[in-house]
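Taken together, the values in this text are just the output of simple stated rules run on the coordinates, not laboratory data. This is a predicted model, so every value here is computed, not measured. Note: ideal-geometry Cβ built from the backbone for every residue, glycine included; neighbour counts use all protein chains shown.
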Amino acid sequence: MADNRRDFKAKRTRPPAAGKEQGIHALYAADPAKADELTWGRRSDPVTRRGFLGQGGLAAMSAVLGASIPFAAYMPAGLIPAALAQTPEPFEIPGKDGLIVLNDRPLNAETPAHLLDDPVTPAKHLFVRNNGRPPSARQTDPSSWVLEIGGESAERTMRLSIDDLKRRFEHHSYRLQLECGGNGRSEFVPPAAGNQWSVGAVGCPEWTGARLGDVLEAAGIASDAVYVAYYGADTHLSGDPNKVPISRGVPLAKALEKESLIAWAMNGEDIPLLHGHPLRLVIGGWPGSVSGKWLKRIVIRDRVHDGPKMTGASYRVPCEPVAPGSQVPDEDMCIIESMPVKSLVTYPKSGIEHPRRETLALRGHAWAGDLRVARMDVSIDFGASWKRARLAPPKNRLAWQRWQAEVAFPQPGYYEVWARATDERGEAQPMVLPGWNPKGYLNNACHRIAVQVV
Ligand SMILES: Nc1nc2c(c(=O)[nH]1)N[C@H]1C(S)=C(S)[C@@H](COP(=O)(O)O)O[C@H]1N2
Ligand SMILES: [Mo]
């Protein structure tokens, strides 16, 4: 416990390997077709969008990957091989095991996919996303913490200590999947500013707390209420005490869902300081940014909440698809609600060697915002053909779902395993990239891992 409350400092173990990691991404971000040509001599067919690796290109790519590519003919143009698209690990964080730090002011760190294999994400493997400066351990003493419920559509202002909250309201535990709206941002072209998350800004811990709805009912929800929003104890990076780093919310109906929690525990223990100790909102299936950490105040609003990061391009996407790089007027942007269908391959780790004579057992998780995942497929030939995977039901609504599959490889060489989830409405993950948007949200492209078959 003492460990959780410890003030947290990222230790720089070696300088960020910006050269290596940004080299290939920057090259591909600027112009994927040109990058393909420069790197491999690969040209794309303007009609099929398939890449043509000439003999020389195929040899160059095979040399870098250390193997021939049996399904090279199916490899899309402008695609960085998964074996090269991995990021190095420049930092070490106490209490966090193997996370990749994208930024240390504020601290943001993501989890490599293979460390997300557990059905319930342990604290040491949960990504961290901070918009401001987190409060210190001293400032989050649970014995003196007060949560206020108010706002223009609350019938009364209510103040609760953590003891009041635990005594007055029923306790509930749910596994709730939390994913940053910007997860996957690093792949958008043209690139979007912000943390260059690859695939690991997601997790599914088990949360325990009181239902947000029960607490709102206790304060009294006026008939004109439409939205519920949070304020936390973190402070603005500028140091200006009058500025709020982030204050977001959800429509009343989402707040009143039975899984929406005011949580005091994660995985059966106090919530770690980095994840919002001593209280946080957990609203599963929506962008992580609605799950307010270090929760001090909840407001019931008579209008769509207008706090920092609710407006402009923040956590909003064009209401209708736009061409990459477009300027989108504010009035054409819509607030992100339920997150799209998505999945991860959590076993094996990308880049492994696998003996050709053995089948490879794959597994991972799939999720679909407010919806359930209805089917899961895997491909070893860059999406030319798909094989159905087994898919388990979620432990509870808004938890991610386990999937498993076995694949066999026809000959030695470089392969990519691609995973694709489909939600209960028939919406599937796009194979490479979904619609571009100014801040690079909602990239739910298929996750891919590299496998060297020997
Ligand atoms: N008070 C506060 N709450 C916050 C944030 C923040 O910066 N301050 N970041 C949000 C964002 S953008 C995300 S994705 C999640 C991340 O939660 P985690 O750091 O526990 O993984 O917390 C959300 N809640
Ligand atoms: Mo986020």
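Odds and ends about this structure:
- If you take all other residues with their beta carbon under 14 Å from the beta carbon of Glu259, and give Lys and Arg +1 and Asp and Glu -1, the sum is +2.
- Of the trypsin sites (Lys or Arg not before Pro) in the stretch 224-278, those whose Cβ has at most 15 other Cβ within 10 Å and which sit in DSSP loop: Lys243, Lys258
- Dipole magnitude for the chain: about 660 debye, using +1 per Lys or Arg Cβ and -1 per Asp or Glu Cβ, origin at the Cα centre.
- Other residues whose C-beta falls under 12 angstrom from the C-beta of Val378 contribute a net charge of +3, scoring Lys and Arg +1 and Asp and Glu -1.
- Theoretical ellipticity at 222 nm over the chain - DSSP helices of four or more residues, -39500 (n - 2.57) apiece, nearest 500: -3500 deg cm²/dmol
- Shape metrics for the stretch 254-390, restricted to C-alpha atoms - Rg then Dmax, Å: 20.0, 63
- Label-point gap, in nm, between Ala253 and Ser223 - each point 7 angstrom along Cα→Cβ: 2.0
- Added length on full extension, which subtracts the Cα-Cα distance from 0.36 nm per residue, Ser173 to Ala428: 88.8 nm
- Placing R0 at 25 angstrom, the Cβ-Cβ distance between Gln327 and Val304 gives a FRET efficiency of 0.60 after rounding to 0.05.
- Per-selection metrics, the stretch 415-454 (Cα): Rg and Dmax in Å: 12.8, 42
- Left without a cysteine partner by the 4.7 Å Cβ rule in the chain: Cys180, Cys204, Cys446.
- Above-threshold pairs, the threshold being 22 Å between Cα atoms, out of Lys124/Lys349; Lys296/Lys395; Lys293/Lys395; Lys124/Lys296: Lys296/Lys395; Lys293/Lys395; Lys124/Lys296
- Charge dipole of the stretch 137-335 (Cα centre as origin; +1 on each Lys and Arg Cβ, -1 on each Asp and Glu Cβ, all else neutral): 360 debye, rounded to the nearest 20.
- For the chain, a Kirkwood radius taken over Cα pairs fed into Stokes-Einstein (10 °C, viscosity 1.306 mPa s) yields D = 69 µm²/s.
- Sum of side-chain charges, Pro340 neighbourhood, beta-carbon under 12 Å (Lys, Arg +1; Asp, Glu -1): -3
- Principal-axis tilt of helix 55-65 within the chain, Cα atoms, nearest 10 degrees: 50
- Acute angle (nearest 10 degrees) that the helix 18-30 long axis makes with the longest principal axis of the chain, alpha-carbon atoms: 80
- Set against the 2.2 N^0.38 Å expectation for a compact globular protein, the stretch 152-283 has a Cα radius of gyration ratio of 1.18.
- Histogram of C-alpha separations across the stretch 342-453, 5 Å bin width, %: 2, 13, 22, 24, 17, 12, 7, 3, 1, 0
- Quotient of Cα Rg and 2.2 N^0.38 Å for the stretch 344-406, N being how many residues it contains: 1.22
- Length gained on full extension, Ile352 to Thr157, computed as 0.36 nm times the residue gap minus the Cα-Cα distance: 64.5 nm.
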